[in-house]
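Written out below as structure tokens is the structure these notes cover.
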Amino acid sequence: QVQLVESGGGLVQPGGSLRLSCAASGSIFSINVMGWYRQAPGKQRELVALITSDGRINRADSVKGRFTISIDNAKNTVYLQMNSLETEDTAVYYCHANIQTSRLGSARIYWGQGTQVTVSA
């Protein structure tokens, strides 16, 4: 079994910063991709940023220049540094990972439980 444990959400004023963390634990052979999606009330879940184990990044246009994603492969942990937060960034942020649990097994997607980020004055 694999678990993704998120931390770092909360309430922040517009223009402020937050840092999200997501640690993967359990039966892990290799991690291919980790990252973040978000879902605002009444909207579909959308990509925020993804990073591969060798550092390639895919990021939504809406967060470029404001959010930075990084990965610590030794700790199986991905981070999302969010700066210049806007009210439109308010959402539940979900950790996402593509993980292979054995040498011969197929990789599959895992999700965290979600952490609330609220940007409000």
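For LYS75, the accessible surface of its heavy atoms amounts to roughly 130 Å² (probe 1.4 Å, protein chains only, rounded to the nearest 10).
The residues packed around GLU46, meaning those with a beta-carbon under 13 Å from its beta-carbon, carry a net charge of +1 if Lys and Arg are +1 and Asp and Glu are -1.
Along the stretch 24-29 the Karplus relation, 6.51 cos²θ - 1.76 cosθ + 1.60 evaluated at θ = phi - 60°, assigns HN-Hα couplings of 9, 9, x, 7, 10, 8 Hz to successive residues, with x for each Gly and Pro.
Calculated from the alpha-carbon coordinates, the chain shows an Rg and a Dmax of 14.2, 51 Å respectively. Taking every alpha-carbon pair within the stretch 2-69, the share separated by more than 21 Å comes to 32 percent.
The values are calculated or read from the model by the stated rules, or taken from the named source; none is laboratory data. All values derive from a computational prediction rather than experimental measurement. Methodologically, a virtual Cβ is constructed for each residue, glycine included, from the backbone with ideal geometry; neighbour enumeration extends over all protein chains shown. The accessibility values were calculated without ligands, DNA or RNA, using every heavy atom of the protein model including side chains. Shrake-Rupley method; radii C 1.70, N 1.55, O 1.52, S 1.80 Å.
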